Structure formats: structure tokens, C-alpha cells
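Remarks on the structure that follows.
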Amino acid sequence: MKMVDVGDKPKTERVAVATARLRMLPATRERILAGKVEKGDVLAAARLAGIMAAKRTPDFVPLCHPIALAGVDVTLAPVDEGLEIRARVKTVDRTGVEMEALTAACAAALTVYDMCKSVDRGMVIEAVQLDHKSGGRSGTWEREEKAASPKPAAAPKSRRKTSRPRAAR
């Protein structure tokens with residue numbers, strides 16, 4: 001294994017956009033949007049986690065170059081089955097920011113899961129994907145279909161365990 005030598009490449013503007021979806025119960029999504037989650041502002045925490053993760057990507061992904069990021073924007077939007085996360089990362093450097101965008105989307109999704117797991121352990125993180133990259137020798141790449149992955153299954157059903165013995169139920 002080796003880290004690819006990018007020293008001879010010119011510095012150019014590079015942008016990457018990655019998305020992820022969180023499938024959850026409608027009641028969980030409504031709690032998040034209403035700001036009624038015990039741990040605090042889920043959307044703000046997830047945005048911050050995504051930004052922080054993009055900056056630390058080389059700490060998580062072996063052989064990923066540490067690069068100076070010019071900007072990171074993480075947004076979360078409600079969709080029918082839960083939330084969609086979009087991470088846009090920009091740099092002027094010798095290598096792309098696809099891994100930083102994907103890492104940001106994943107960290108934001110994990111943060112939502114962590115903050116809401118007490119009310120909905122059945123949440124599903126899915127459809128983590130690169131949607132756009134531009135800059136560098138290979139130019140621009142765009143995902144042809146936004147929903148390239150199969151349509152997600154219905155939101156998970158809530159199952160609460162009780163502490164009563166089986167015979168008493």
C-alpha cells in the first residue's frame with residue numbers, strides 16, 4: 001500500500017457533493033423538526049458533526065490525503081421516510097474531496113441516530129452516495145439518477161420491550 005503522490009498535480013478548485021438518507025418513524029422525524037429531542041437540537045448537532053468529520057477525514061480513511069478545505073456545507077431536509085443529508089465540500093488543492101463529502105454525510109447521519117436512538121432504534125442509514133464531483137484531471141462527474149438506489153422500504157415499526165415476564169403478557 002502507498003499514498004498516491006499528487007505533488008506534480010496542479011492545484012485546482014474541486015467540489016464534491018454526497019448524500020445520505022435516514023429512514024425513521026414519522027413521529028421521530030416530527031420530534032426532530034419540532035426540536036423536542038431530549039439531547040437537544042438534532043439538526044444543528046448533525047450539521048456540526050458533518051463539518052468536523054470532513055475536516056478529520058484522513059484520521060478515519062487510511063491513505064487519504066490531508067487537504068485544506070475551503071468550505072463545508074451540510075444540510076438536512078425532511079423527506080417522506082425521514083431525513084436527507086447533503087454534504088458539499090470545496091477545496092483548491094491537488095486532490096479531490098469526495099471522501100470528505102461522504103464522511104461528512106455519514107457523520108451527520110450517525111449523529112442523528114445517536115441523538116434519537118432512545119425513541120427509534122429502528123432508524124436506517126441508507127443510500128450514502130456521491131452525487132457530484134468537479135475539478136481535477138477527470139473533470140466533472142454527475143450521478144445520472146438522484147435516486148439511483150432502490151426505493152426504501154416502509155419506515156421501521158416501533159417495537160417496545162416490556163419488563164413483564166412472557167407468561168404475564
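The values are calculated or read from the model by the stated rules, or taken from the named source; none is laboratory data. Worth saying up front: this structure is predicted, and the values here are computed from it rather than measured. Quick reminder, even Gly has a Cβ in these numbers, built from the backbone with ideal geometry, and neighbours come from all protein chains shown. Please note that ligands, DNA and RNA were not included when accessible areas were found on the heavy atoms of the full protein model with its side chains. Shrake-Rupley method; radii C 1.70, N 1.55, O 1.52, S 1.80 Å.
Rounded to the nearest whole Å², what accessible area per residue is found for the chain with the 1.4 Å probe?
Values: 10350 Å² over 169 residues.
About 61 Å² of surface per residue is accessible.
If I compute solvent accessible area with a 1.4 Å probe over the protein chains, what percent of it on the chain is carbon and sulfur?
Working: 5550 of 10350 Å².
Carbon and sulfur atoms account for 54 percent of the accessible area of the chain.
Between G136, G40, G50, the residue with the greatest mean-square fluctuation in the GNM of the chain (Cα pairs under 10 Å linked by springs) is G40.
Note that the range 18-137 shows a convex hull volume over its alpha carbon atoms of 97 Å³ per residue.
Calculated FRET efficiency, R137 to A77, Cβ-Cβ distance, R0 = 25 Å: about 0.15 to the nearest 0.05.
Candidates L25, G7, V61 compared by Cα position along the dipole of the range 1-135: farthest toward the positive end lies G7, with charges placed on Cβ.
Hey, got the dipole for the range 5-45? About the Cα centre, +1 on K and R Cβ, -1 on D and E Cβ, debye to the nearest 20? Show your work: numbers first, answer last.
Details: 9 positive and 6 negative charges, 47 e Å.
Here the size comes out at about 220 debye.
Pairs with C-alpha atoms separated by more than 19 Å, drawn from the list K55/K117; K2/K133; K11/K133; K2/K90; K39/K90, are K55/K117; K2/K133; K2/K90; K39/K90. Here the range 18-137 is assigned +1 on the Cβ of each Lys and Arg and -1 on the Cβ of each Asp and Glu. Its dipole about the Cα centre then comes out at about 180 debye. Across A101, A18, A127, mean-square fluctuation computed from a Gaussian network of the chain (C-alpha pairs under 10 Å connected) peaks at A127.
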